[in-house]
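The values are calculated or read from the model by the stated rules, or taken from the named source; none is laboratory data. Fair warning: this is a prediction, and the values are worked out from it, not measured in the lab. Counting neighbours? That spans all protein chains shown, and the Cβs are built from the backbone with ideal geometry, glycine included. For accessibility, only protein heavy atoms count, side chains too; no ligands or nucleic acids. Shrake-Rupley method; radii C 1.70, N 1.55, O 1.52, S 1.80 Å.
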Amino acid sequence: MRRNGGVNVQSVLGIIFQRLGLGLVTLFVVSVLIFAAVNMLPGDFAEAILGQGATPEAVAAIREDLGLNKNPVARYLDWLGGILTGDFGTSFAQANFSAFAGADTGKGGIGSVAAQLEPRFKNTLFLATVAAAIAVPISLMLGLLAALYRNSIFDRFVNIATLTSISSPEFFLAYILILLLAVLNPMLPSLSSIFPDMSFGERLEKTLLPALTLTLVVTAHMMRMTRAAIINLLASPYIEMARLKGISPARVIVFHALPNALAPIINVIALNLAYLVTGVVVVEVVFVYPGIGQMFVDSVKIRDIPVVQACCLIFASAYILLNLLADVMGIVSNPRLLHPK
Amino acid sequence: MMNYILWAVIGVAAIYASGWLFRFAGRKIDWPRDNLNIYFRDVGLTEAAGFILGLVAVYFVCYYYFIVESTFFRWAVQGFIIATIAAYAFWWFGKLVGTDATRKLFRQMPLTAAFGILIILIYVILAIFAGAIAPHGQEDIFEKINVLPGGDLATGGDPAFPLGTDQLGRDLLSRLIYGAQNTVGIAFVTTLLAFFIGTSIGFLAATVGGWIDQVASRAVDALMAIPQLIFALLLMTIATAWAGSDKTLVTLYMIIIIAVLDSTRVFRLARAVGLNIVVMDYIEAAKVRGEKLSYLIFSEILPNATAPLLAEFGLRFCFVFLTIAALSFLGIGIQPPLADWGTMVRDLSQFINFAQFSPLTAALPLMAAGAIALLTVAVNFVVDWMLQKTSGLKE
C-alpha cells in the first residue's frame, strides 16, 4: 500500500484536475448557451427600452451606446470579459432611472447589475447555509435510524413522511409552515424583511421559516439516500461477519457500514445542496426573501435581460460547482482509488 | 434559545429513562401472555424508547384533537383517517372484484400503493368529466365577488358557491375542479411529448451510435448543466417576448420548453436501457435479416424497455407537474383565464392570514396546493411500489 502511495496520489490528483477542467468547459458552454438563448429575443434592447414610439435615429444611438451593432461573437466576448472582471452590465430597469438622474451607470454605479446582486447573493447564501446546517445532521441521523430499524413501524412512518415531503411542491410546505408557525402560533415572522445592518440573531429569526421549508424538501431526499446506501452495504459478507461475531446492530451500522457508505452519502449531500439552488427561487418568492431567486423571478417578469442573464449564470455556476464538488469528494472518499492493491 | 435546548435534552433523557423502565418491567413481569419477558430480553434501549415516544405522540394527537380542538389539526386527522379507510376499502374491493391477474396484483400491493391508485383514478375522473361535475364554468364571472367559503348566508357565504368566489367573481370550487383538467392535462401532455422526444433520440443514439450518439449525448450534457427550473425561467422570458399578448401561445411555448428540458433525463435512461438491449442476440438476428431502423427501434427495442420506462414515466410526470405548478405559481406558467392550481395558490395566498378567524378561508390556498401535492404523492406511492416489485428488493 505504502509503496504505491506517491504514484497513487498523483493519479487521484490527475482525475481531480480532469474533472475541474471538465467543469470549466461546462461553465463555458453554459455561458454560451445563456447568451445564445437571450439573443433569440425578438427585437433588441434598444427597441425594448424606447418602446413603440422610437425614432430610428434614437434606436441607432442606443445600439451604438450599448454595443448592440457589433456581431454576436464580439458581444459575447465583451460580456464574458465583463463578467470575469466582475462587471455584469447595466440593469435595464435601473437604466432609464439613472439616465434621468444623470448618475454614473458604469461599473459599480446605481444601475449596475453587480451592485444589485451583491447583497442579495449574500442573503441567498445565508439562507442556503442555515438550511444546510439544519438539514444535514437531521437527515443523516434519520437515515441511520431508519436503516437500523428497517421495516419497523418507525421506518415505514419515516418512509411515508419523506415521500410525501419530497413530492409536495415547495410552496405547499411553505404555506403549511406559515399557517402553523406564523399565523396560528405566532412564533416566527412570515415575511423575511432583511436589512443589511441587522444583528445575526435577528437575521436568523427572519430566515428560519424559509430555511425550515428548504430543510423539509432536502432532508427527505438525503435521508432516503443515506438509508439506501447503508442498507445496500448490509448485504455484504463483511457485515454478515461482524454480525456473527455478536456485535450490536448499532455498532455494525455506525462503525462498519457507515465509513463505506460515506462516498455515496457525501455525493447525495452535495447534490442536494445543488438542489437547494433551484428550490431557493420558489421559497424566496413565498417569503419575499430579498435574495437572488426573487430578483431573478422579478426580472424575468419585466424582461430585464442583463439581470436575468447574470442570475442564470450565477445559479448555473453554483449548480455546476456543487456537482463538481460531489464528483471530487466521491473520488477522494473512495478507498479503492486511494489505496489500490 | 438555551432554554429550548435544555428542554429537548431533558425530554430525550426522560423518554430514554421511561423506555428503560418499560423494558425492565417487561422483562420482570410475564404478563399478559406467556414468554413476553423473552421478547423483551432482545429489545434494544432505543427501540424501547421508541415505544414510549409513540405513546407520547398518540397522547399529543388526542390532546390536540379533543382538548385544544385546533380546527386545522382536526381536519388533518380526519383527512388522514378517511384516506386510510378509503384506501383500505379500495384495496379490499380490488381483491374481490376483477380478473385473476388484478386480484393477485391487489393482494400483493401495500396499502400506500392502493391509496395512490385510488387518488389517481379520482383525478382522472375529475379531469375528464370536469365540465359535468363542476357547478359553473371556469371562466364564468358572477356579480358576487369575494364571497366567503362555507355556503352560509349568515357568514357572508352563498349556497350557490360552496367555496366562495374570487376577486373577479369566479366560482372557486369550479375552478378547483377545472384545475384538474388544465394542470394535470397539460402536465400529462408535456410528459408524453418529453417521452416521445427522449426515447426516440435515446434509442436512435443507442442503435446507430457513432457521431449521432456523441452529438446527442454532449447536447444533453450541456442542457443538464443548468438547473431545470432556472433554465425554464430563462427560456420562458424569451417565450413571453415572442408570444406577445397571446396567452395561449405562452402556455404552448411552456409545454414545448419543459418537454425539451425534461426529455434530457428520458434520453439518458432510454439510451442506457437501449444500449443493454442492442447487444442482445435477437437484435443481431433482426439486423442480419435486414430489418429497417424504425422496425428495430419500435418493434424490437421499445417492447423490451417498457418496464423501466413506465416507472420513469411516473417520476417524470411528477417532476413536470411540479415544475409547471412552480412556474404558474411564479406567474409565468399556465395563463389565465384557464383555471390552474399553481396560479390559484398565488392569487389566494394572502387568505392564509385569516386562519384564526375563518379557517375555511385560510384553507383555500392550501386546498389548491394540496391538490398538487396529493397527486404527486399518489403517483410516487405507486412508482415506489412498482420499483420495489420490479427490482425484487425486500429490504
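Structure data summary
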read-out: Number of the condition not met by B:Glu69 [criteria: (1) surrounded by fewer than 16 Cβ atoms within 10 Å (Cβ to Cβ); (2) more than 23 Å from A:Arg156 (Cβ to Cβ); (3) more than 33 Å from the chain's Cα centre (by Cα); (4) of a type outside the set (A, V, I, L, M)]; value: (3)
read-out: Enumeration of residues in the range B:308-321 that are within 14 Å of chain A (Cβ to nearest Cβ) and either in contact with a helix residue (DSSP H, G or I) (Cβ under 6 Å, 6 or more places away or on another chain) or on the phi > 0 side of the Ramachandran plot (or both); value: B:Gly314, B:Leu315, B:Arg316, B:Phe317, B:Cys318, B:Val320, B:Phe321
read-out: All positions within the range B:1-15 that are open to solvent by 80 Å² or more (accessible area, probe 1.4 Å) and in a helix (DSSP H, G or I); value: B:Met2, B:Asn3, B:Tyr4, B:Ile5, B:Leu6, B:Trp7, B:Val9, B:Ile10, B:Val12
read-out: The lone exception for A:Phe172 - which of (1) more than 9 Å from chain B (Cβ to nearest Cβ); (2) at pLDDT 90 or above; (3) open to solvent by 20 Å² or more (accessible area, probe 1.4 Å) it fails; value: (1)
read-out: For B:Ile82: the one exception among (1) open to solvent by less than 70 Å² (accessible area, probe 1.4 Å); (2) within 25 Å of the chain's Cα centre (by Cα); value: (1)
read-out: Residue in the range A:11-29 that is open to solvent by 50 Å² or more (accessible area, probe 1.4 Å), more than 26 Å from B:Leu261 (Cα to Cα) and at pLDDT below 80 present; value: yes
read-out: Among the candidates B:Thr343, B:Thr306, B:Thr376, B:Thr323, residue that is in contact with a Pro (Cβ under 8 Å, 6 or more places away or on another chain) and farther than 28 Å from A:Asn185 by Cβ; value: B:Thr343
read-out: A:Leu148 being under 23 Å from B:Ala57 (Cβ atoms), crowded, with 20+ Cβ neighbours inside 10 Å, facing chain B (nearest Cβ under 9 Å) and modelled with pLDDT under 85; value: yes
read-out: Output for the range B:342-362, where each listed residue is more than 9 Å from every other protein chain (Cβ to nearest Cβ) and either in contact (Cβ under 8 Å) with a residue 40 or more places away in the chain or of a type in the set (Phe, Trp, Tyr) (or both); value: B:Met344, B:Asp347, B:Leu348, B:Phe351, B:Phe357, B:Ser358, B:Pro359, B:Leu360, B:Thr361
read-out: Check on B:Gln335, more than 19 Å from B:Asn146 (Cα to Cα), in a helix (DSSP H, G or I) and over 14 Å from the mean Cα position of the chain (by Cα); value: no
read-out: Failed condition for B:Thr102, given (1) closer than 21 Å to B:Asp384 by Cα; (2) loosely packed, with under 15 Cβ neighbours inside 10 Å; (3) within 14 Å of chain A (Cβ to nearest Cβ); value: (3)
read-out: Out of B:Leu223, B:Leu229, B:Leu204, sole residue that is assigned by TED's automatic domain parsing to the domain that holds B:Leu322 and without any contact (Cβ under 8 Å) to a residue 60 or more places away in the chain; value: B:Leu223
read-out: Residue among B:Gln167, B:Gln181, B:Gln214 that is over 30 Å from B:Arg271 (Cα atoms), more than 14 Å from chain A (Cβ to nearest Cβ) and surrounded by fewer than 18 Cβ atoms within 10 Å (Cβ to Cβ); value: B:Gln167
read-out: Residue list for the range A:204-241, filter: more than 12 Å from every other protein chain (Cβ to nearest Cβ), part of a helix (DSSP H, G or I) and surrounded by fewer than 18 Cβ atoms within 10 Å (Cβ to Cβ); value: A:Pro237, A:Tyr238, A:Glu240, A:Met241
read-out: The range B:28-56, residues that are farther than 27 Å from B:Gly11 by Cα and either in a loop (DSSP other than H, G, I, E, B) or open to solvent by 100 Å² or more (accessible area, probe 1.4 Å) (or both); value: B:Asp30, B:Trp31, B:Pro32, B:Arg33, B:Asp34, B:Asn35
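The rows are residues; the columns are (1) farther than 26 Å from A:Val280 by Cα; (2) of a type outside the set (Gly, Ala, Ser); (3) away from chain A (no Cβ under 14 Å); (4) touching a residue at least 60 places away in the same chain (Cβ under 8 Å).
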site: B:Leu235; (1), (2), (3), (4): no, yes, no, no
site: B:Lys247; (1), (2), (3), (4): yes, yes, yes, yes
site: B:Ile256; (1), (2), (3), (4): no, yes, no, yes
site: B:Val260; (1), (2), (3), (4): no, yes, no, yes
site: B:Arg271; (1), (2), (3), (4): yes, yes, yes, yes
site: B:Tyr282; (1), (2), (3), (4): yes, yes, yes, no
site: B:Gly290; (1), (2), (3), (4): yes, no, yes, no
